[in-house]
Amino acid sequence: MHRLYTTGLSAAALTLATTAIYAEEQREVIVSEVEIVGTEHIDADLIRLQLRTTKGLPFNLEHLREDERAITKMDQFVFLETRHEILPGNKIKIIIHVKELPYVGSITYKGVGYWDRSDLPRKIKTREGGYLNPFMIEADRRALVEHFRKERFAKAKIEVTQVIDSLTGFVDVTFNIDLGKKVKVDQVHYNGLPEGVYEYFINQRIINKPSKVFGPSAFQKQMLRWDRRTIANYIRDRGYLNASVAPITVDFYDGLRGSDPRRRHGPSVVPDNILNNRVVLTVDVEAGERFYLGSVSFVGNTLATEAELLEAFDMNIGDVFDNKEITAGIKEAQLIIRNQGYPRSVIRRDMRVELADPEKGIDKNLVHLTLHVVEGKQYNIGRVDIDGNRVTKDAVIRRALRSYPGDLYNEDKMQESIRQLKKVGLFNIAPPNPLRIDKFYDPTRPDEVDLRVRLEEIGTGEIRANAAFSSVENFIFQLSYAERNFDLLGLFKGRPRGGGQTLRSSVAFSEQQSNFNLSWSNPHVFDSPYSLSTFVTKADTSLSSNDWDEDRIDTGITFGRRFFDNDLLLSVGYAYSNREISDVDADAPNDAIASDGDTFELNSIIFRQRLSKLDFPMQPNRGWKVDARETLTGGFLSASDEYWELSINADAFFPVAHSPLGGTTRIHVGQENRWLRALDDDDSIPFYSRYSGGGPAPRHRGYDSGDLGPRETNINGFETRVKGTTYWQSTVELIHPLQGVQMGLQGILFYDLGYVWAEDESMDLSDLRSAAGFGIRFPMQFPIALDFAWRLDDKDDEDRSQFHFSIGGIF
């Protein structure tokens, strides 16, 4: 009997052994037994189930190699070695030695606070109660280091210690974290930037960016090379085709706080090499000469004339050779062909450079473009599939699509489908999984292209209990439920979600009010363009913005229809309101004092027109909307008071810069005007319907709630807020995603301008009051808004600053 032992590279040793013994006989070796050595708590058969080397089968060296890898992948053992015994009768015995991995008893993180460590368990794969794999522990350590370095701790270090519990044998794992110094980017200096290239727009595109408003960003050394390429490409896209950027220079400084003696009357950073917690980056640019667009010609086009393509290209000879604009022009020309059913059509560019030569009358460096059109084959749409809607019904998605099976392929209709799906507001539009439509070509159907709608649903349901302090109402308790993907008919079938409807309900209590709200709306009744909504509200209020208590019941119903691809909504509604006035303050308006204890019933007809071109209803980045509403109270309906109201609200969003993480810095401009007028010239507008200004956004943030507006002395000799019948509110905001993502923490700078005129006053723009400030918007899952405002035209008897705290959505 031959007996050989192999360790380490056992497969190689087995190769030599079996070759030496059986080379002459060329006989097949049979596995007589597979013995597992080293198992204590785990049945050896669990290992044998993973093996291809099996008793009674011929020995195969490749199978043995695979078996060794399979044992390692079980994550329950450390594979140690393979031994074997060669037995008489052309047989071999395989002996596999393993060592069971211990269990993880606990995982702790030392060196960081609660908020820093609360998210760490999701960053690692090792779990309490699982097996302790040394390779996985090392991978987890590296993952945590990478995590903290992305969180602006560029010098983070982590060591792992393991302690075995003598009683249980479990291992307690500790990640000892040394975050080092926070390193942030304080300044970025550019040398050699050419004409038409500005630091601000470059800084919006790089990772290591300075920020004078929202504080320095994290320094990420590993992204310097990426930033360098980004800067070079941006400059080249501005016509400097030969631009180059030298490696970015990094200088470490000490960032000084206000209390640091070195900060007195000096700079915010100094090169003392004590803290080294700030960096100053220097970018040296060699731009070279600028190039301009020369002639443009299309070749290979048969579906559109060259004149049609040039019109879509929309650039002229002598324009700066802006690569971004040229790419956009080529895309527009390409759409003319793709919209005729040619989804695979492409346009390839050839460039010919002609340098400036005054002797030939050429005073600029020109780039002549020859655009080769490859039209490809015409396709009809085959299948339209939907992927990713776990909750939302297919019908909700398909009613937003504009591309249908059997239609000739049209690129514009596919893009319009994406726009309509974004307007639904139920799907993610930000990286890494934004809403998109992919094309597939099935070789068995050569004349058809399939479309697959790929989407990721965002959270639409919300149950919230809030207990907070508001600058308006002091202590507040609120319990609310909201579902933006509700299904009323599905509720009776046990499937209350997925219909694209909205259900909201809430109860709230504070020192000044208690209320109950319930509303439901369906934007597409039975998948039609018709909408239906209804609401009911019960409120008992004594708000500081009013000078009386009001017990109020409101209810109503609205029918509408959508036009122009759902951009225009026309609706008509009916509303009923019952108001009981009590406990009128001595400083209330005269008509309120005279109505103490009275009850008012109002019946109203409401007409509404809303035209929206916003790209996303929840947090829009671009586009505009105009909302007009006309309300008739009384008239042919019974009402305690008769009047009409006109309100116009407009908003526009303009993107300024985009973060690599998907967030968008944008400007928001808003304008709201409202008018109240009595139906009979001899009547006046009742006190409970008049306007007041001031309060949290979207109202005038320079004033407390109800404080902006006309005042007079009432019959009791007190100054009273009489409120008004003409309302003006203008807003300009700069919104910046502080975390880089669209749905995260956002900072804003704002400017508010507004006033409220009394019933007997004419609108005078010189009365408008202004305020400016900054604020914070927390993520949508935690919708809290903080605003700090300073009046720019305050009077002697007014507080110059205002602080507003509110819970709930702002836009």
*R0 = 45 Å: FRET efficiency of LEU489 with ILE42, Cβ-based, nearest 0.05?*
0.30
*asked:* Let's see if you can work this out: charge +1 on each Lys and Arg Cβ, -1 on each Asp and Glu Cβ, no other charges. What is the dipole magnitude of the chain about its Cα centre, in debye to the nearest 20?
replied: 4040
_Give the separation of the Cα centroids, the stretch 346-402 to the stretch 516-559, in Å._
47
*Which part of the stretch 567-604 falls in the paramagnetic zone of TYR530, meaning amide N under 12 Å from the point 7 Å along Cα-to-beta-carbon?*
none
*Where in the stretch 632-721 are there trypsin sites (Lys or Arg not before Pro) that are in a DSSP coil and have at most 13 other Cβ atoms within 10 angstrom of their Cβ?*
none
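Tell me the per residue accessible area of the chain using a 1.4 Å probe; a whole number in Å² is fine.
Working: 42020 Å² over 811 residues.
In whole numbers, the chain has 52 Å² accessible per residue.
Is the stretch 172-248 rounded, prolate or oblate when judged by the Cα gyration tensor, a ≥ b ≥ c being the square roots of its eigenvalues, rounded requiring a/c under 1.5 and prolate requiring a/b larger than b/c? Write out the running numbers ahead of the final one.
Numbers: a/c = 3.41, a/b = 2.18, b/c = 1.57.
Prolate is the answer for the stretch 172-248, as a/c is 1.5 or above and a/b outweighs b/c.
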*Rg to Rh quotient for the chain, alpha carbon positions, Kirkwood Rh*: 1.06
_Test of the criteria: in the stretch 153-232, which trypsin sites (Lys or Arg not before Pro) are in a DSSP loop and have at most 12 other Cβ atoms within 10 angstrom of their Cβ?_
LYS212
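What is the percent carbon and sulfur in the accessible area of the stretch 620-718, measuring with a 1.4 Å probe over the protein chains and ignoring ligands?
Details: 2230 of 4340 Å².
Here it works out to 51 percent.
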*asked:* Net charge around GLY192, counting only other residues with Cβ within less than 15 Å of its Cβ (Lys, Arg = +1; Asp, Glu = -1)?
replied: -1
*Residues whose placed amide H lies under 5 Å from that of TYR240, excluding near-sequence neighbours*: PHE291
*Which semi-axes, in whole Å and largest first, does the equivalent ellipsoid of the stretch 530-605 have when worked out from the alpha carbon gyration tensor as the square roots of 5 times its eigenvalues?*
35, 12, 11
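Filter the GluC sites (Glu not before Pro) in the stretch 702-773 down to the DSSP loop ones having no more than 16 other Cβ atoms within 10 Å, then list what survives. Could you put the intermediate results ahead of the total?
Details: sites: GLU712, GLU719, GLU733, GLU759, GLU761; in loops: GLU759, GLU761.
Within the stretch 702-773, the qualifying GluC sites (Glu not before Pro) (loop, at most 16 other Cβ atoms within 10 Å) are GLU759, GLU761.
The values are calculated or read from the model by the stated rules, or taken from the named source; none is laboratory data. Worth saying up front: this structure is predicted, and the values here are computed from it rather than measured. Here Cβ is always computed from backbone atoms with ideal geometry, including for glycine, and neighbour counts include all displayed protein chains. Ligands, DNA and RNA are stripped out before the accessible areas are found, and what is left, the full protein with its side chains, is counted by its heavy atoms. Shrake-Rupley method; radii C 1.70, N 1.55, O 1.52, S 1.80 Å.
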